[in-house]
Amino acid sequence: MIVGLGNPGREYAKTPHNVGFMVAEALAERWGLGRWKERFRGRIAEGRVGGGSPGIVPAGTAHPRVAVLCPQTYMNDAGRSVGPARGAFKLPLERVLVVHDEIDLPFGELRTRIGGGLAGHNGLKSLKRELGGGEFTRVRVGVGRPDSTDPEIVAAYVLGRFRETDAQVTELVARACGEVERIMLGEGSG
């Protein structure tokens, strides 16, 4: 299960805090998963990776089954969506991959890890609490940080529009999609 973290609503749509949603939506489209459904207090698309899209899955390789989930609970309560979805699919924790914004990485940098510190990220705290542990895979998408540690300035930064161009944001989302695919297809991180 791929989980993109973000906040519901148009006002948050193209903000750094919603880069997880942007990646999840791009993956569902790229893989041809079809229509989103409202389930588990979120939007979910299900199907097979690359179902019908040549070149995504290497020839002779099985197309893994996947669910892509965008919780609609607001990020701070994302676990209330992800926990029930994981339970319904009977997935072990290591089969959950979360894509989220990371202000402690410069814009454009990607890092993958299993578990680790939560760095004050309330969405990740909610997931850890509701999933019973933090040993899920995370694709951390660098969105940079403002020149301040003031919580109000940081919140305005991640909930405001990207400072980068649309082309730069599109390229970042495409690279994050590639990272998720590498992990899913067992090729490690790149």
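For the range 1-42, what are the residues that are of a type in the set (Gly, Ala, Ser), open to solvent by less than 10 Å² (accessible area, probe 1.4 Å) and out of contact with any Pro (no Cβ under 9 Å at 6 or more places or on another chain)?
First, pick out the residues of the range 1-42 that are of a type in the set (Gly, Ala, Ser): 4, 6, 9, 13, 20, 24, 26, 28, 32, 34, 42.
Cutting the leftovers down to open to solvent by less than 10 Å² (accessible area, probe 1.4 Å) gives us 4, 6, 20, 24, 28, 42.
Those that are of a type in the set (Gly, Ala, Ser), open to solvent by less than 10 Å² (accessible area, probe 1.4 Å) and out of contact with any Pro (no Cβ under 9 Å at 6 or more places or on another chain): Gly20, Ala24, Ala28.
Could you tell me which residue of the range 90-139 is farthest from the chain's Cα centre (by Cα), considering only residues that are acidic (Asp, Glu) and open to solvent by less than 30 Å² (accessible area, probe 1.4 Å)?
Initial filter on the range 90-139 (acidic (Asp, Glu)): 94, 101-102, 104, 109, 130, 135.
Okay, now just the ones that are also open to solvent by less than 30 Å² (accessible area, probe 1.4 Å), so 101-102.
Numbers: Asp101: 8, Glu102: 11 Å.
For the range 90-139, the residue satisfying everything is Glu102.
Given the criterion under 24 Å from Val154 (Cβ atoms), outside any loop (DSSP other than H, G, I, E, B) and in contact (Cβ under 8 Å) with a residue 24 or more places away in the chain, identify the matching residue among Val68, Val98.
Details: Val68 fails: under 24 Å from Val154 (Cβ atoms).
Going through Val68, Val98 in turn, the sole match is Val98.
Looking at the range 27-51, I want the residues that are in contact (Cβ under 8 Å) with a residue 40 or more places away in the chain and on the phi > 0 side of the Ramachandran plot and have a partner that is of a type in the set (A, V, I, L, M, F, W, C) and surrounded by 22 or more Cβ atoms within 10 Å (Cβ to Cβ) with Cβ atoms under 7 Å, at least 6 apart or on another chain. Which pairs are those?
Phe40/Leu69
So, of the residues in the range 146-175 that are part of a loop (DSSP other than H, G, I, E, B) and either among the charged types (D, E, K, R) or in contact with a strand residue (DSSP E or B) (Cβ under 9 Å, 6 or more places away or on another chain) (or both), which turns out to be most open to solvent (accessible area, probe 1.4 Å)? Give the steps one after another, and end with the answer.
Taking the range 146-175 first, the residues part of a loop (DSSP other than H, G, I, E, B) are 146-150, 160-165.
Adding the requirement that they be either among the charged types (D, E, K, R) or in contact with a strand residue (DSSP E or B) (Cβ under 9 Å, 6 or more places away or on another chain) (or both) leaves 147, 150, 161, 163-164.
Working: Asp147: 164, Asp150: 66, Arg161: 130, Arg163: 146, Glu164: 47 Å².
Looking at residues that are part of a loop (DSSP other than H, G, I, E, B) and either among the charged types (D, E, K, R) or in contact with a strand residue (DSSP E or B) (Cβ under 9 Å, 6 or more places away or on another chain) (or both), I get Asp147.
Here is a list: Gly87, Gly142. Which entry is surrounded by fewer than 21 Cβ atoms within 10 Å (Cβ to Cβ), at pLDDT 95 or above and in contact with a Leu (Cβ under 7 Å, 6 or more places away or on another chain)? Write out each step before concluding.
Working: Gly87 fails: in contact with a Leu (Cβ under 7 Å, 6 or more places away or on another chain).
Just one listed residue meets the conditions, Gly142.
From (1) under 16 Å from the mean Cα position of the chain (by Cα); (2) over 26 Å from Arg41 (Cβ atoms); (3) β-branched (Val, Ile, Thr); (4) in a helix (DSSP H, G or I), pick out the condition that doesn't hold for Val180.
(2)
Limited to the range 132-162, what total is found for residues that are in contact with a Phe, Trp or Tyr (Cβ under 8 Å, 6 or more places away or on another chain) and of a type outside the set (A, V, I, L, M, F, W, C)? Give the steps one after another, and end with the answer.
In the first step, residues of the range 132-162 are kept if they are in contact with a Phe, Trp or Tyr (Cβ under 8 Å, 6 or more places away or on another chain); the result is 142-146, 159.
Imposing the further condition that a residue be of a type outside the set (A, V, I, L, M, F, W, C) reduces the set to 142, 144-146.
Count: 4.
The values are calculated or read from the model by the stated rules, or taken from the named source; none is laboratory data. Remember, predicted model here, so these are calculated numbers, not experimental data. Glycine gets a Cβ as well: all are built from the backbone with ideal geometry, and neighbour counts include every protein chain shown. Heavy atoms of the whole protein, side chains included, go into the accessibility calculation; ligands, DNA and RNA do not. Shrake-Rupley method; radii C 1.70, N 1.55, O 1.52, S 1.80 Å.
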